[in-house]
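Since the structure comes first, as structure tokens, the remarks are kept for the end.
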Amino acid sequence: MKNLLLTLSFFCILHAIIAAQLGMTPDSITKAAMEKLTVLTGQWSGTGWIQMGRDKHFFNQSENVIQKVNQSVIVIDGLGTDSETNQVIHQAFAIVSYDKATQKYLMRAFRGDGNYVDADFEVVSDRIFIWGFTHPQAGRMKYTIRMTDGKWIETGEMSRDNTTWFPFFEMTL
């Protein structure tokens, strides 16, 4: 009798878990919002430069972008190495999702130093995306991704007054 009750309990719990999973598909609003980001998916590699101060540094970059959790999030895994020394100079992992309540994309980017930034993320058109955040010392930092001719072209600009922008970063993958 004890085994029968255990077996029935197990099947009831299993049925509840399966039933809960069946309703876990994204709603049409979230699905439509995340479909706009599918052009970013894939394995990307290329080169770029960054200039903070006088010296311009050149790097090799790779970005692995995949959709997860029923296509409701985009995961971006990036690695940059110095062009001359091959030393890792940039490592980041970002998650982009859509918040239906605020009708905005959410981006949390984790850096190789263990810190993270919550960034704004905007779909400007079907092939242009802007993301950015405010840095305590540098001011507003804005990155524009343009998907052109099968390439990922990203530029970075910074501004202390949100009016005058200075380029400091560019990569083509």
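Could you run through segment 69-93 and say how many residues are surrounded by 14 or more Cβ atoms within 10 Å (Cβ to Cβ), without any contact (Cβ under 8 Å) to a residue 24 or more places away in the chain and either of a type in the set (A, V, I, L, M) or outside any strand (DSSP E or B) (or both)? Result for segment 69-93: 3.
Of all residues in segment 55-68, one or more are over 27 Å from A33 (Cβ atoms) and among the hydrophobic types (A, V, I, L, M, F, W, C). If only residues of segment 97-129 that are under 19 Å from V73 (Cβ atoms) and aliphatic (A, V, I, L, M) are counted, the one that is farthest from the chain's Cα centre (by Cα) is A101.
Only residues that are modelled with pLDDT under 95, within 18 Å of F129 (Cβ to Cβ) and out of contact with any Lys or Arg (no Cβ under 7 Å at 6 or more places or on another chain) were counted across segment 88-116, and they come to 0.
Among the numbered conditions (1) more than 24 Å from P167 (Cα to Cα); (2) out of contact with any helix residue (DSSP H, G or I) (no Cβ under 9 Å at 6 or more places or on another chain); (3) surrounded by 15 or more Cβ atoms within 10 Å (Cβ to Cβ), the only one that I66 does not meet is (3). Could you tell me which numbered condition N3 fails, if it satisfies all but one of (1) in contact with a Phe, Trp or Tyr (Cβ under 7 Å, 6 or more places away or on another chain); (2) at pLDDT below 90? Among (1) in contact with a Phe, Trp or Tyr (Cβ under 7 Å, 6 or more places away or on another chain); (2) at pLDDT below 90, N3 violates only (1). Tell me, which strands (runs of 3 or more DSSP E) wholly within segment 124-173 include 3 or more residues that are more than 23 Å from R54 (Cβ to Cβ) and touching a residue at least 12 places away in the same chain (Cβ under 8 Å)? Per the criteria, 128-135, 139-148, 151-159. Inclusion of I128 among residues that are surrounded by 16 or more Cβ atoms within 10 Å (Cβ to Cβ) and of a type in the set (V, I, T) is not warranted.
The values are calculated or read from the model by the stated rules, or taken from the named source; none is laboratory data. Remember, it's a predicted structure, so these values are computed and weren't measured experimentally. Counting neighbours? That spans all protein chains shown, and the Cβs are built from the backbone with ideal geometry, glycine included.
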